[in-house]
Each structure stands twice: as structure tokens, then as C-alpha cells.
Amino acid sequence: MNSDEDYGFDVAGYIHLAKALSTEQIATCLAAIDSGGDERVIDVLQDAVGAGYLETLCGGDYIADGAPWLVEPGATPSGAIPISSPTSEDRRRLRYVAHGDTRVSKGVRVFVSLVAQQADAGPVLVTGSHNRLSEPPADFLSGNHDMGMTERPQLQAGDLLICAATLLYGVRGVPDQLVELEFISANARPREGYPLVDPPEWTEGLTAEQKAIVGIRTTGMGGVVTSDGERTQITELEEDSPSIRFRLDANSQPAPDELWFWDVRGYLVLRGVMDAPWLAAANQAVDAAIELQDSLPQGHPTRIEEVPEQALRENDWTWPQDTSPRLRGDINRPRIGGLYQLPEPHGDAFRRMIGHPAIVKRLNWMLGYGFRESTEPMCCVYPTGTTGGSLHGQNPGGHALFNGRQLVEQVNVAWALQDEAPGFGEDSGGFICVPGSHKARFPIPRNLHTSIDLPQVYKPAMKAGDVLLFGGVAHGTTAWRSSWSRRTAIQFMGSHNVALPPGRESVGWRWSSDPNHPSKLKAKQG
């Protein structure tokens, strides 16, 4: 895409590509439509515009969200033209995100004109509506009052209209051989979801509520879990009212002080969620996992995996000379997985974290109904001298306002099993963040090994039993200097709209799954 197209899509929500398809490609599409060959139409479009437009807008590994279809007749040219508006759920799932040097349209609608359209037929677009923060009036959607906000591109044979999926549009007249199809980002959930797979053995003892939270990543089957803060339950949503996922009710109403803190700071600390017996059981489980290490085969989920800091990996495994002492350490960050699968009774201490009422209540107003665990949890087991983690994760594009609700797409849930000393003294270490950075419009300044010294960096005091929730705020860890080990279990939760193929083996926190891991590079070179 050139700069004119970049600007045009950003402000108008669409671009018009004249004669993007060749005569041969048009003929191929027409023949495929006659024979019902939907996939061939998709192939032709990807060949014609994929590398230059779809990949640029949706990101790599985008997919077609369903089969293409012929656009049905719309309103008569002389009559009111109703405007189609996506559901609240699709508006969030497929939304357009632009901040700093990041731009992605999580969904793209493409109109393909295989013949020249009549002057009184084709799409009617509401330019700029992909960036709307409010809902359109009823008489606008009905077409009775377009307020001069619509445009009617005239399409010739081979023309394409590439629109943000959330752009409002209507159809006038009787389009002729006008094809419509949608593509989505690899990070967006497909319209039809994913095929179900068999559940792993460790899920057999979970409650229905717990199965709903871990189900999407394990089997493909999820559910909606609500909580009053004391207990959790499965809740059925009205199928014809997807916007219910974003409504505020007794099960998703935030406490005003918590919402205010989350809105301004970008994280939230819940004090004393774990009691003393639960903490003792969790620490005993970690001890047992550490004792098992010599007997575990390579690749076992509970085997300790050390994760080197990015600043070290990207500098030929040598610390840059000006590396902050807050970051530099002698031990790569040790982590263990397989927490739910630990031998009895040790897995119980971590399975209790799934669907905990206090956590469910907050996640429902942070993520929306239908949230789910998005990847395998892990536990940090950092001894004295462990390196820190540079600032990362700033994602203002993940923070949005829908129907008056502040919602994000990802929330990490960190369970402190040991105290984290406050401040940045010699006896310190643990989670840090930049409060307010979840709404930043500028990238993190400085480089990986010195940004941790920014004056805005803050270290909340964490006590054993506390739970920290954080979303798109810039965060990291300081090198662990305390005389005891850092032990923090972290769950990764996503909204109903996040792509989550069941049975996915790749886990983001594992260094061994990183494409830059030496084993991956060696295999690629071989």
C-alpha cells in the first residue's frame, strides 16, 4: 500500500482499487461461481491483492472468514437505503486498531465487481464509520436520513472495494456478479469457531465452570461463567442478542473504585485472595515440581525452562555495556508449566485458581462474557540473581470502549506465592509497570536494556496471596535480589473474540517455542 492508500483507509475505512483483477482472473472467478468453486474465487483474490493489501491490513497468516457470496439486491435507487451495522460482538472482534506505528484491521470486507455495475446499483458506504465511538441513530440505519454521510463508488469490471469489516454500508439496486467475502486477522476468532477435539485427561476432575474457562484451548468448547464474587456458575446467553456479552449487570458490574483504578492505572491488585493453607499447598507443589526435575524427560511441561531476556538474546548473548542494574542478572528466568497436571495432590493448588469467584467477577467486566484461558499457565521460580524482564506488552489498541464499557482483549492473572519487596533497593525484585501506558500514543522510549529506568516505571508492593491483573499496560520485572525465591503463577486470559485453536501446542512464554530459539534456527538451516 502506498501512503495515499494508507491515509485513505485510515480516515475513510476503505480503498477503491480500479481494475485490480485481470481479464483472465475475472473469467476464472465467473467460472468458479458457476461451478460452485468458492475456494477458487478466494485463491484468485489472494493472488491479486494478498501480499500488497490483505497482509498489510490484516497481518500475516490472515484467513478467509467463510465462503464468498453474491451480493443480494438492496433498496431501490429511489428509496431509502438501510445501513447494515455489525453486532457489538463483531464490532469488537473485527475492529480497526491504529496507534503509534501499529495498524491492523482485524476484519476486512472485500467487494469484487466481476462486471461493470449499473449506475444505480452497488454498495453504499458510510465513510469514517469504522472509527466511530457512538452508535448511529435509528433513522440513519433505516436509511430515512443519511445526513449526507454516504458515498456510492461506481464499480467497473475487475474493481475491488477493500473495506474495514466494521465500516457501515448498505446496498442499492440489483448488483450484477458482485461478490462479497471477508478476511480476518490470525488473531481474531473465526465466525464459525473451531472443530472440537478430545479433552486431555487432566480436565476430567474439573467443574463445569472450570471446563468452560479452559475448554476453548483444550477442546474447542467453552461457555459463559458468571460470579457474584462468592461463587461461580454457568450462564446461558440469548443467542439473538450477542450484545449481551457487553452489557453491565449484577454479574459484571465493577466496583467504582476498582474501575477507576483500572481505567487510569491499567492494572489492579486484589489483596489476600489466597489464604495461608492454600499458599502452603501451592508452595509445596512448586517444591515437588522442582524435586521431580531430574526424572522428567526433555519437553515435559513441568520441566524447568530458562527464558533468557530479549535484550541479551538480541545482543549476541552479551549484556550491553549500559544495561540497567535493574535488569541485569546472572540467571536466566526459570519457569515451569504443567501446573494443572502436577501429580496429586499438588495440581489441586493450581486448579483452584481456575474460575475463582473473585477473579471471574473482575474478568467479566474487563474482558466481557465468554472469556477463556488462552494458553498454558506458568510459574516463575526465580532464585536470587535472576535477570529481570525489559518493558514490553504496551498495547493501547487492546483497550477500547463498547456500549459504555471499558474492555480489553487480554488479561494476565498473576498469583503471588511469595512476597515481592517494594521499591528498587538491594532487597527487591518482581513485577513493574508504567501506569497509564495502556492508553499511550507513543512507543516505549529508550532501548530494551535501559527503558526499565524510565521515571514513570512503578513497582506495586505484592504480598503472598495477592492477585495482580494487568492488560495492555507496559510491564516487565526487575532482577530478583531478595534472599528468597520469587514464585508467581500466571494465567493468561483472553476475550471471546481472540483466536484460540484448541489443542495448540505452541506456548508463547516458552523460549523453546520461540522461532529464534537455537533449535528452531538449526532445524530451519538444516
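The values are calculated or read from the model by the stated rules, or taken from the named source; none is laboratory data. Since this is a predicted model, take the numbers as computed values, not measurements. Glycine also receives a Cβ, built like all others from the backbone with ideal geometry; neighbour counts cover every protein chain displayed.
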Mind listing whichever residues of the range 269-282 are surrounded by 11 or more Cβ atoms within 10 Å (Cβ to Cβ) and either more than 15 Å from residue 462 (Cβ to Cβ) or touching a Pro at 6+ places or on another chain (Cβ under 9 Å) (or both)?
269, 278, 280, 281
What single numbered condition from (1) closer than 25 Å to residue 429 by Cβ; (2) in contact with a Lys or Arg (Cβ under 8 Å, 6 or more places away or on another chain); (3) of a type in the set (Lys, Arg) fails to hold for residue 333?
(2)
Return the total of residues in the range 105-133 being within 23 Å of the chain's Cα centre (by Cα), more than 14 Å from residue 12 (Cα to Cα) and at pLDDT below 90.
1
If you check 349, 311, which single one turns out to be over 30 Å from residue 225 (Cα atoms), buried (at least 23 other Cβ atoms within 10 Å of the Cβ) and either under 27 Å from the mean Cα position of the chain (by Cα) or not acidic (Asp, Glu) (or both)?
311
Is at least one residue of the range 317-329 of a type outside the set (Lys, Arg), in a loop (DSSP other than H, G, I, E, B) and touching a Gly at 6+ places or on another chain (Cβ under 6 Å)?
yes
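Kindly provide the set of residues from the range 1-30 that are among the small types (Gly, Ala, Ser) and in contact (Cβ under 8 Å) with a residue 24 or more places away in the chain, ordered by number. Break it down into steps so the answer makes sense when it comes.
Residues of the range 1-30 among the small types (Gly, Ala, Ser): 3, 8, 12-13, 18, 20, 22, 27.
The answer is 12, 13, 18, 20, 22.
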Scan the range 461-490 for residues that are among the polar types (S, T, N, Q), part of a strand (DSSP E or B) and farther than 25 Å from residue 372 by Cβ and report the count.
2
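How many residues does the range 379-402 hold that are of a type in the set (Val, Ile, Thr) and closer than 29 Å to residue 99 by Cβ? Steps first, answer last, please.
The initial filter retains those residues of the range 379-402 that are of a type in the set (Val, Ile, Thr), namely 381, 384, 386-387.
Cutting the leftovers down to closer than 29 Å to residue 99 by Cβ gives us none.
Looking only at that region, the number is 0.
Determine whether residue 96 is closer than 25 Å to residue 154 by Cα, surrounded by 16 or more Cβ atoms within 10 Å (Cβ to Cβ) and in contact with a His (Cβ under 7 Å, 6 or more places away or on another chain).
Numbers: closer than 25 Å to residue 154 by Cα: yes; surrounded by 16 or more Cβ atoms within 10 Å (Cβ to Cβ): yes; in contact with a His (Cβ under 7 Å, 6 or more places away or on another chain): yes.
Here the answer is yes, as residue 96 does meet what is asked.
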Checking the structure you have, find out if any residue of the range 268-283 is modelled with pLDDT under 95 and either outside the structural domain of residue 470 (by TED's automatic domain parsing) or not acidic (Asp, Glu) (or both).
no
Picking from 52, 74, 66, the residue that is touching a residue at least 12 places away in the same chain (Cβ under 8 Å), assigned by TED's automatic domain parsing to the domain that holds residue 170 and under 17 Å from residue 188 (Cβ atoms) would be 66
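For the range 200-208, indicate whether the set of residues that are in contact with a strand residue (DSSP E or B) (Cβ under 9 Å, 6 or more places away or on another chain), modelled with pLDDT of 90 or more, assigned to a helix (DSSP H, G or I) and under 30 Å from residue 342 (Cβ atoms) is non-empty.
Going residue by residue through the range 200-208, those that are in contact with a strand residue (DSSP E or B) (Cβ under 9 Å, 6 or more places away or on another chain) are 207-208.
Now narrow it down to the ones that are modelled with pLDDT of 90 or more: 207-208.
Narrowing further to those that are assigned to a helix (DSSP H, G or I): 208.
Okay, now just the ones that are also under 30 Å from residue 342 (Cβ atoms), so 208.
Among the residues of the range 200-208, at least one is in contact with a strand residue (DSSP E or B) (Cβ under 9 Å, 6 or more places away or on another chain), modelled with pLDDT of 90 or more, assigned to a helix (DSSP H, G or I) and under 30 Å from residue 342 (Cβ atoms), which makes the answer yes.
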Any idea which residue in the range 44-75 is surrounded by the fewest Cβ atoms within 10 Å (Cβ to Cβ), counting only those that are at pLDDT 85 or above and assigned to a strand (DSSP E or B)?
70
Going residue by residue through the range 314-326, is there one that turns out to be closer than 28 Å to residue 465 by Cα and surrounded by 16 or more Cβ atoms within 10 Å (Cβ to Cβ)?
yes
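If you take just the strands (runs of 3 or more DSSP E) that sit entirely in the range 76-184, which of them hold at least 2 residues that are among the β-branched types (Val, Ile, Thr)? Break it down into steps so the answer makes sense when it comes.
Values: elements: 96-99, 102-105, 107-113, 122-126, 160-164, 169-172, 178-184.
Answer list for the range 76-184: 102-105, 107-113, 122-126, 178-184.
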Going through the range 475-509 in order, the residues found to be in contact (Cβ under 8 Å) with a residue 60 or more places away in the chain and over 24 Å from residue 267 (Cβ atoms) are 483, 499, 501, 502, 503, 504
Can you tell me which condition residue 493 does not meet? The list is (1) out of contact with any Gly (no Cβ under 7 Å at 6 or more places or on another chain); (2) in a loop (DSSP other than H, G, I, E, B), and all the others hold.
(2)
Before we move on, is residue 146 within 29 Å of residue 22 (Cβ to Cβ) and touching a residue at least 12 places away in the same chain (Cβ under 8 Å)?
no
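Out of the range 142-188, which residues are touching a Lys or Arg at 6+ places or on another chain (Cβ under 6 Å) and either acidic (Asp, Glu) or closer than 23 Å to residue 61 by Cβ (or both)?
If we filter the range 142-188 for residues that are touching a Lys or Arg at 6+ places or on another chain (Cβ under 6 Å), which is where we start, we get 158, 163, 165-166, 182, 185, 188.
163, 165, 166, 182, 185, 188, listed by residue number.
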Filtering the range 77-87 for residues that are farther than 16 Å from residue 126 by Cα and touching a Gly at 6+ places or on another chain (Cβ under 7 Å) leaves a count of 1
